[in-house]
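The values are calculated or read from the model by the stated rules, or taken from the named source; none is laboratory data. These numbers were taken from a predicted model, which means no experiment stands behind them. Every residue, glycine as well, gets a Cβ built from its backbone with ideal geometry; the counts of neighbours run over all protein chains shown.
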Amino acid sequence: MAEKSFLVQKFARIQLGQVHIIGYSVAGEETVVQVPELNVCFDIGRCPHFALTSDIVCISHGHMDHIAGISYYLSQRFFQGMKPGTVIVPREIERPVDSLLRCWREVERQGTPYRLVGMAPGQVHEVRRDFLIRAVATHHGGPSLGYVLVSVREKLKQEYMGTPGQELAEMRKRGVEIQYRLEVPLVAFLGDTSVGEVFRHPDVVNAEILVTECTFFDADHKLKAKAGRHLHLDNFAEIVPTLKNQHIVISHVSRRTGIRRARNMLRRKVGDEQMKRIHFLMDFEGSKEAGEVEEIGPPPPDTAE
Ligand SMILES: [Zn+2]
Ligand SMILES: [Zn+2]
């Protein structure tokens, strides 16, 4: 396991295809997972500096290790002249989070602006015509959501393939629907969850990248996993073959189990072939010091997909 320094917190930075997964996630301590290219941060942890650059934060549930930095995120963005952050939360905690943020305005004597969006499972938040965020139900006891970042593309219908462009243009003028809508789930983030329906949700199964917790690995931690509504290695090993993701990133591993040991235990369960697509977020091989990660900001929204 990587040595922990309290002076310099190390953050993970994994490149997977076109995007990076940047963050930090240890059970009960802090979880923050950013996809800078898509301008979204999942959970905010204690709001490390790099998280400020995401215009949208999706909060999975109300546990402190996932939401602590939310007022700091909004306040700092205002202080630094950035546009108000959008914070998406499970609708059951929208009201108390709103009260919390209003209290902070009084305490800080600063009119921090923010946009709070409460979501229910299945609900969609449209960021742009071609990009949306879908909430999915997770299983963690209280109100909790996972989120899927979905790219929306317009495709030519099969029957018009090979039709000359001019003809297509004329049909379009006449109001013929020549295109259909194709949703491509890019990244799914589950926050904290135990086993259940969420692992059969088509967006979760098919997302190019799935970020899921797997908190406990040791055999004698099974009861802990059950009590805290978390995944145990044995649950995860059963789920893996049913998933179609190109990449699976494991987050929220308990500090009780070292990452290298966790990886070896998982390898014994699922085999070398599956391990090719499985990454541990907190595997600090190739990690960056905070200062280096801070250089990475999101591109203008119109170039992001
Ligand atoms: Zn947690
Ligand atoms: Zn939790």
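All conditions but one from (1) outside any strand (DSSP E or B); (2) without any contact (Cβ under 8 Å) to a residue 24 or more places away in the chain apply to GLU126; the one that does not is (1).
Take LEU182 and tell me if it is in a strand (DSSP E or B), within 19 Å of LEU266 (Cα to Cα) and either modelled with pLDDT under 95 or among the aliphatic types (A, V, I, L, M) (or both). Before you say what the answer is, go through the steps one by one.
Working: in a strand (DSSP E or B): yes; within 19 Å of LEU266 (Cα to Cα): no; either modelled with pLDDT under 95 or among the aliphatic types (A, V, I, L, M) (or both): yes.
No, not satisfied.
What pairs come up if the first residue lies in the range 251-279 and is surrounded by fewer than 14 Cβ atoms within 10 Å (Cβ to Cβ), the second is basic (Lys, Arg) and part of a loop (DSSP other than H, G, I, E, B), and their beta carbons are under 9 Å apart, counting only those six or more places apart or on different chains? Matching pairs, first to second residue: ARG255/LYS4.
Exactly one residue out of VAL205, VAL211, VAL195, VAL176 is aliphatic (A, V, I, L, M), touching a residue at least 40 places away in the same chain (Cβ under 8 Å) and assigned to a loop (DSSP other than H, G, I, E, B), and it is VAL195. Across the range 286-305, which residue is modelled with the lowest pLDDT among those that are in a loop (DSSP other than H, G, I, E, B) and exposed (fewer than 14 other Cβ atoms within 10 Å of the Cβ)? Step by step, filter the range 286-305, then rank; the result is PRO300.
Suppose we keep only residues that are touching a His at 6+ places or on another chain (Cβ under 8 Å) and under 30 Å from GLY228 (Cα atoms) within the range 93-133. Which one would you say is nearest to ligand 2 (Cβ to nearest atom)? The selected residue is ILE93. For the range 129-151, enumerate the residues that are surrounded by fewer than 16 Cβ atoms within 10 Å (Cβ to Cβ) and either free of Cβ contacts under 8 Å to residues at least 24 places away in the same chain or part of a strand (DSSP E or B) (or both). Result: ARG129, GLY142.
Do the conditions hold for SER25, that is, is it polar (S, T, N, Q), under 13 Å from the mean Cα position of the chain (by Cα) and within 16 Å of ligand 1 (Cβ to nearest atom)? Yes. If the condition is being within 13 Å of ligand 1 (Cβ to nearest atom) and either assigned to a loop (DSSP other than H, G, I, E, B) or touching a residue at least 60 places away in the same chain (Cβ under 8 Å) (or both), then the range 214-227 contributes CYS214, THR215.
Going by the structure shown, is ASP283 among the acidic types (Asp, Glu), within 16 Å of ligand 1 (Cβ to nearest atom) and outside any helix (DSSP H, G or I)? So ASP283 does not fit the description; no.
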